[in-house]
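Some notes on the structure that comes next.
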Amino acid sequence: MKTAPSQPRLTTWVHWTLSGGVALSGSTLLAGLVMTLATGRHAAPGPPPDWQSLFTQALSGDPPALLFIGLLLLVGTPVLRVFVLAVGWFIEREHSFAVIALVVLALLVSSALLG
């Protein structure tokens, strides 16, 4: 069963995960938007670049790459939340909830990888 002191700790972990993810993605999106408006540079038509070149472009300040990374961070934030919940439930010995969270996490990751 859940104990009273650990539940607020897990809630705090989830809160910081969601807040941090939204803040990081929002600031990345804002930087990409400001740079896009300032330079007038837009994404080239066609498929997005591979992961390695995407991160290289984002680190060099490429506006479309920053926008794409910001969107990936925004989409990845709830996935990270599921992972944090699974770990927290294992720590709290709520194994049934943790296993369900891991199944959900596996479904999310497999659907992202398979398209």
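Laboratory data are not the source of any read-out in this text; all were calculated from the coordinates shown. Keep in mind that this is a model prediction, so the values were computed, not measured. Cβ: placed from backbone, ideal geometry, glycine included. Neighbour counts: every protein chain shown.
Give me the orientation-averaged projected area of the Cα convex hull of the range 6-114, in nm², one decimal.
Values: hull surface 31.3 nm².
Here the figure is 7.8 nm², rounded to one decimal.
To the nearest 10 degrees, how steep is helix 95-114 against the longest Cα principal axis of the chain, on a 0 to 90 scale?
The answer is roughly 20 degrees.
Obtain the nm distance between the two label points defined at Trp13 and Ser60 by a simple spin-label model: each point lies 7 Å from its Cα along the Cα-to-C-beta direction.
For the pair Trp13/Ser60, the computed spacing is 4.0 nm.
Let me know the whole percent of all Cα-Cα pairs from the range 36-95 that are separated by more than 19 Å. Don't skip to the end; give the middle numbers.
Numbers: 841 of 1770 pairs.
Summing the P(r) tail past 19 Å for the range 36-95 gives 48 percent.
Have a look at Gly46, Phe90, Leu102 and report the one farthest towards the positive end of the charge dipole of the range 6-114, computed about the Cα centre with Cβ charges (Lys/Arg +1, Asp/Glu -1).
Positive-most Cα among the choices belongs to Phe90.
For the range 1-99, what's the relative contact order in percent, using C-alpha pairs closer than 8 Å and at least 6 residues apart?
It comes to 40 percent, rounded to a whole number.
From the backbone phi of the range 19-24, what are the Karplus-calculated ³J(HN,Hα) couplings (6.51 cos²θ - 1.76 cosθ + 1.60, θ = phi - 60°) in whole Hz, Gly and Pro given as x?
5, x, x, 5, 5, 5
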